[in-house]
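The values are calculated or read from the model by the stated rules, or taken from the named source; none is laboratory data. In this text the structure is predicted, and so the values were computed from the model without any measurement. Every residue, glycine among them, receives a Cβ derived from its backbone with ideal geometry; neighbour counts consider all protein chains shown. Ligands, DNA and RNA are excluded from the accessible area calculation, which covers all protein heavy atoms including side chains. Shrake-Rupley method; radii C 1.70, N 1.55, O 1.52, S 1.80 Å.
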Amino acid sequence: MTKKRVFSGIQPSGNMHLGNYLGAVKRWVERQAEKENFFCVVDLHTLTVPQDPEALRQETRSLTALLFAAGLDPDKSILFIQSHVSAHAECCWLLNCVTPLGWLERMTQYKDKAGKQESVSTGLLDYPVLMASDILLYDAHEVPVGEDQKQHVELARDIAQRFNHLFGETFVIPEPVISEAGARVMALNDPAVKMSKSEAHVRGHAVRMLDEPAEIERAFKRAVTDSGKEVRFSDDPAKAGVNNLLEIYRVITGKGKEEVEADFAHARGYGDLKKRVAEVVIEELRPIRERYNVLMQDPAALDRLLARGAEQARAVAEPKLREIQGRVGLVLPG
Ligand code: AQP
């Protein structure tokens, strides 16, 4: 049986956090043997809001090392930097020309982020079309993402369907794959909002992948909960803090909800919960941080891995781009 093809991306916008890991990367790693995988560090997406050029360059390298350290295996997954495969930007132009403006103006992430910028770039509005290009160039069947990216994957489906309708069957229609657990890890300092890279510098908001154990312990100790003491899963917004801690514990241990609650049946209030969750997070992240430190000591080896990933990605994306160019009526180079 041929394996299903998977595409997913992550922005090198700094401060990769526990939400990115539990909502996306951990699953990429766990399922990589079952699928044909393309994972992309989407540096072009990061340019949609202002960046310091040197910081972006460093963060892009650091994130690729972190993804290998988290367990992406270059023999099972193709990991590459988006800007190393120019077909992504070229395909974006072709898809821009079939995407109605109104579809982009409706995107909630655009509305949220635009509201926080003094000057909004065209790139920020166009972000979902570039994301559609990322996915459609690889004929990906599945796009594993956190809940926040579902709307963008749905837009990629709409664009693919519209293109197929206008120019004939060209694209596989991708499915968003959102796991039941870990899809929306909430901020530790405010469980009403998702843990987010752009807020990860705020004290107590997030656990960052490279945080030292003492920092992780402090972040969980300060985590916002409520005035009760019963440790149970709950949909009650007032209990969102405790629910978030239990979800984090559940995804990391791989246990069922009942088993998790049984683990805390004798907890003496939320202090025990916070302590235990910090412990499992520290143990989960420790080997990743150690492997990351080793990888960052050999930049030439990292470059070789990235060159190999880009070459493998180009071998799929470039013929697909030619197909799309042919469909819309461009004269292909002889
Ligand atoms: N809090 C989260 N819980 C679960 N999954 C999450 N993801 C992001 N935040 C959470 C998932 O991580 C993958 C990579 O995300 P991204 O690099 O595309 O960034 P993002 O979705 O814009 O979210 P960030 O990292 O928090 O950044 P900002 O601050 O810019 O919003 C995606 O699969 C995403 O769903």
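Strictly greater than 20 Å: what percent of every Cα pair in the stretch 1-111 meets that? Value for the stretch 1-111: 50 percent of Cα pairs lie more than 20 Å apart. Mind running the shape call on the stretch 185-230? Use the C-alpha gyration tensor, a ≥ b ≥ c as the square roots of the eigenvalues: rounded below 1.5 for a/c, prolate if a/b tops b/c, oblate otherwise. Judged from the Cα gyration tensor, the stretch 185-230 comes out oblate (a/c at least 1.5, b/c at or above a/b). Overall form of the stretch 119-235: prolate. Here a/c, set by the Cα gyration tensor axes a ≥ b ≥ c, is 1.5 or more, and a/b is the larger of a/b and b/c. Charge dipole (Cα centre; +1 on Lys/Arg Cβ, -1 on Asp/Glu Cβ; no other charges) of the chain amounts to roughly 160 debye.
Among the trypsin sites (Lys or Arg not before Pro) in the stretch 250-329, those located in a DSSP loop and surrounded by at most 11 other Cβ atoms within 10 Å of their own Cβ are ARG268.
For LEU321, the shell of other residues with beta-carbons less than 11 Å away shows a net charge of +1, using +1 for Lys and Arg and -1 for Asp and Glu.
When the Cα gyration tensor is reduced to axis lengths a ≥ b ≥ c, the ratio a/c stays below 1.5 for the stretch 48-196, which is therefore classed as rounded.
Accessible surface calculations at 1.4 Å, restricted to protein heavy atoms, place the chain at 48 Å² per residue. Going by accessible surface with a 1.4 Å probe and the largest first, GLU318, GLU142 read GLU318, GLU142.
Counting Lys and Arg as +1 and Asp and Glu as -1, what is the net charge of the other residues whose Cβ lies under 11 Å from the Cβ of ASP43? Here the count lands on +1. The accessible surface of the stretch 197-294, taken with every protein chain in place and a 1.4 Å probe, is 47 percent carbon and sulfur. Non-local lysine pairs in the stretch 127-242, meaning eight or more places apart or on different chains, with alpha-carbon distances under 21 Å, amount to 8. Show me the trypsin sites (Lys or Arg not before Pro) within the stretch 89-144 that DSSP assigns to loop and that have at most 13 other Cβ atoms within 10 Å of their Cβ. Passing sites in the stretch 89-144 are ARG106. Radius of gyration (Cα atoms) of the chain, expressed as a multiple of 2.2 N^0.38 Å: 1.04.
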